[in-house]
Amino acid sequence: MEIENRDHILSVIKWLSLINVVPTRAAILYTEFVTKWEKEEQLLDSELEEMVSSGLISRSNETYSLTAEGRRLSQQNVARAFGAWMITCEHSAAYRELCKQVYGGNRCQFNAVTQAQLEKLLTVLNLSECQSILDMGCGTGALTEYFADHINGHVTGIDFSSEAVKFAQERTLENKIAFHSKLWTLMR
Ligand SMILES: C[S@@+](CC[C@H](N)C(=O)[O-])C[C@H]1O[C@@H](n2cnc3c(N)ncnc32)[C@H](O)[C@@H]1O
């Protein structure tokens, strides 16, 4: 089995579950992310079989779901992909320029927050000295750092991408921010 196929199937099953579509073989086959399977149905079947026997997914009534190990691997893939994207953006002069021009300030945004919105957020939050901020999904931490520079309280960033967290820690050695590599599980 190609690792790439396996990772692809894991993310499709996870994604279908998130949008409340039952991950049957047909749903997996016709999901836009896996159009390549339309030509290779048999390959999909053999990949699914192998993933069932290696304990990454389980099948019940023609419906597939991730096992604990499948979930772990899928999260690891997403974290790795996020880390790689964000670190690439951090190193890109073009992306920094885009953030400046589109959002009015470069925070290496991996969202669409503008500088004006950030300033408004700080005004609305009006944090006192004893209050802290927890940035869940801080990525490489540029926004976390912005908050740390503008409030008196303690700032913590967590992210399940250990690469992004390491990047954030190295960039902010002198700063009053704690970055941790952690998974949050408020959502499914
Ligand atoms: C869209 S990016 C936002 C990054 C940064 N906060 C920003 O606004 O530029 C989402 C971040 O959340 C992290 N993330 C997503 N799900 C997570 C989870 N369950 N636990 C920890 N981090 C998670 C990703 O690794 C990624 O860095």
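Coordinate-derived values only; no laboratory data. Remember, predicted model here, so these are calculated numbers, not experimental data. Because the Cβ atoms are built from the backbone with ideal geometry, glycine has one as well, and the counts that use them run over all protein chains shown.
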- If you average 1/r over every pair of different alpha-carbon atoms in the stretch 77-181 and take one over that average, what Kirkwood value in Å do you get? 14.0 Å
- Task: For a footprinting-style exposure proxy, rank Asp7, Asp45, Asp159, Asp135 by other Cβ within 10 Å, fewest first.
- Result: Asp45, Asp7, Asp135, Asp159
- Note on the structure: Expected sort for Met136, Met86 with the fewest Cβ neighbours (10 Å cutoff) up front is Met136, Met86
- Message: Rounded to two decimal places and with Rh computed the Kirkwood way over Cα pairs, what is Rg over Rh for the stretch 43-101?
- Response: 1.29
- Message: Test of understanding: ordering Val124, Val113 by Cβ neighbours within 10 Å, fewest first, what list do you get?
- Response: Val124, Val113
- Inverse of mean 1/r across different Cα pairs in the chain, Kirkwood, Å: 18.8 Å
- When the stretch 3-66 is reduced to its Cα atoms, the Kirkwood hydrodynamic radius in Å: 11.5 Å
- Message: Show me the three semi-axes of the equivalent ellipsoid for the stretch 138-180, from the C-alpha gyration tensor (sqrt of 5 times each eigenvalue), largest first, rounded to whole Å.
- Response: 16, 10, 8
